[in-house]
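In what follows, a structure is listed as structure tokens, so that the remarks can point back to it.
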Amino acid sequence: MRVIIKDNPIEISHEAAELIIKQINKDHGSVLGFATGASPVETYKRIIEKYNEGEVSLKHITTFNLDEYVGLSQDNVNSYYYFMQDNLFGKTDVNPEKINFLSGKAENLEEECQRYYNRIKECGGIDIQLLGIGTNGHIGFNEPGDKFKDIPFPVKLTQSTIDSNRKYFEAVGDTMPEYALTMGIGDIMRSRKIILIATGESKAKAVKELVEGEVSPSCPATILQMHADVTIFLDKAAASLLGEKK
Ligand code: PGA
């Protein structure tokens, strides 16, 4: 696990974007796993900048996103599909036919999860998976629990996740869904390379657990210690508890 700590969150996003751009320029048909939330926004901005400068094209990549809320259609401003359109896809030349998403509107959620698992496999697996981390140590929507899940699955969100994300729904007068579909820990761990971004003091405890804690489903991110190629980008605040006694 490589841990990179920078003073400034913008520096982090530039380095993370650089790794992704390098991968795309090495293999134009790369399969990329993207994340939503505040953590990757600056990284996406940097990729868009580089796209506008002609330094990278996303035309041939295939994308998978980590998760989606149950019950939200793709045109709902709080759906993760909408987020990706707004923050990356719609501002670059990503081919819409190569975008893969879990559908929160699927009639049969279990079948939808199986379809997504099969699709990742058909595409040859994920070259780089980008991740954030929840204040409770979740990755994707793999919430703390008693076992690691392998393949995509429907999940009931924890109160901590609802408390962190409800602001986005309240801003438009909506209630946050209690259920989501998420890639499993196995799907994430099968990615050939993983980049995790965490900034701000609110992430410090989860980051300490991720880097120094015992591997346990009670903090799902700790599983990343078992992956051969993980880069963790932190700002000073997110890294502030590292090395301190519990
Ligand atoms: P955030 O969320 O990037 O909005 O902080 C991260 C996560 O919950 O995984």
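Any chance you could count how many residues in segment 4-44 are within 16 Å of the ligand (Cβ to nearest atom) and touching an Asp or Glu at 6+ places or on another chain (Cβ under 7 Å)?
Going through segment 4-44 one residue at a time, the tally reaches 4.
Tally up the residues in segment 99-126 that are in contact with an Asp or Glu (Cβ under 7 Å, 6 or more places away or on another chain) and among the charged types (D, E, K, R), please.
Summing the residues that are in contact with an Asp or Glu (Cβ under 7 Å, 6 or more places away or on another chain) and among the charged types (D, E, K, R) in segment 99-126 gives 0.
Hey, any hits in segment 89-105 for a residue that's under 20 Å from residue 14 (Cβ atoms), buried (at least 20 other Cβ atoms within 10 Å of the Cβ) and within 16 Å of the ligand (Cβ to nearest atom)?
no
If the requirement is being free of Cβ contacts under 8 Å to residues at least 12 places away in the same chain and either assigned to a helix (DSSP H, G or I) or surrounded by fewer than 18 Cβ atoms within 10 Å (Cβ to Cβ) (or both), which of these qualifies: 42, 15, 11?
Testing whether each residue is free of Cβ contacts under 8 Å to residues at least 12 places away in the same chain and either assigned to a helix (DSSP H, G or I) or surrounded by fewer than 18 Cβ atoms within 10 Å (Cβ to Cβ) (or both) leaves just 11.
Name the residue that is surrounded by the fewest Cβ atoms within 10 Å (Cβ to Cβ), counting only residues in segment 165-194 that are assigned to a loop (DSSP other than H, G, I, E, B), of a type outside the set (A, V, I, L, M) and away from the ligand (no atom under 16 Å from the Cβ).
173
Quick one: in segment 148-164, which of the residues that are surrounded by fewer than 17 Cβ atoms within 10 Å (Cβ to Cβ) and within 13 Å of the ligand (Cβ to nearest atom) is farthest from residue 78 (Cα to Cα)?
Among residues in segment 148-164 that are surrounded by fewer than 17 Cβ atoms within 10 Å (Cβ to Cβ) and within 13 Å of the ligand (Cβ to nearest atom), the one farthest from residue 78 (Cα to Cα) is 160.
Could you give me the residue pairs with C-beta distances under 8 Å whose first residue belongs to segment 55-76 and is without any contact (Cβ under 8 Å) to a residue 12 or more places away in the chain and of a type in the set (D, E, K, R), whose second residue is surrounded by fewer than 20 Cβ atoms within 10 Å (Cβ to Cβ) and not in a strand (DSSP E or B) wherever it lies, and which are 6+ apart or on separate chains?
Sorted first by the residue in segment 55-76, then by its partner, the pairs are 75/82.
Which is under 23 Å from residue 58 (Cα atoms) and out of contact with any Lys or Arg (no Cβ under 8 Å at 6 or more places or on another chain), of 91, 105?
The unique qualifying residue is 91.
List the number of the failed condition for residue 85; all other conditions in (1) away from the ligand (no atom under 15 Å from the Cβ); (2) in contact (Cβ under 8 Å) with a residue 12 or more places away in the chain; (3) within 17 Å of the chain's Cα centre (by Cα) hold.
Every listed condition holds for residue 85 apart from (2).
Evaluate the following for residue 201: is it modelled with pLDDT of 95 or more and either of a type in the set (A, V, I, L, M, F, W, C) or within 14 Å of the ligand (Cβ to nearest atom) (or both)?
Spelling it out, residue 201 is indeed modelled with pLDDT of 95 or more and either of a type in the set (A, V, I, L, M, F, W, C) or within 14 Å of the ligand (Cβ to nearest atom) (or both).
Looking only at segment 205-233, which residues are over 13 Å from residue 3 (Cβ atoms), away from the ligand (no atom under 12 Å from the Cβ) and either assigned to a helix (DSSP H, G or I) or modelled with pLDDT under 95 (or both)?
Scanning segment 205-233 gives 205, 209, 222, 223, 226.
Any idea how many residues of segment 46-68 are part of a helix (DSSP H, G or I) and buried (at least 17 other Cβ atoms within 10 Å of the Cβ)?
Residues meeting the conditions: 5.
The values are calculated or read from the model by the stated rules, or taken from the named source; none is laboratory data. Quick caveat, the model's predicted, so the values are computed rather than measured. Cβ coordinates were reconstructed from backbone atoms using ideal geometry, including for glycine residues, and neighbour counts include every protein chain displayed.
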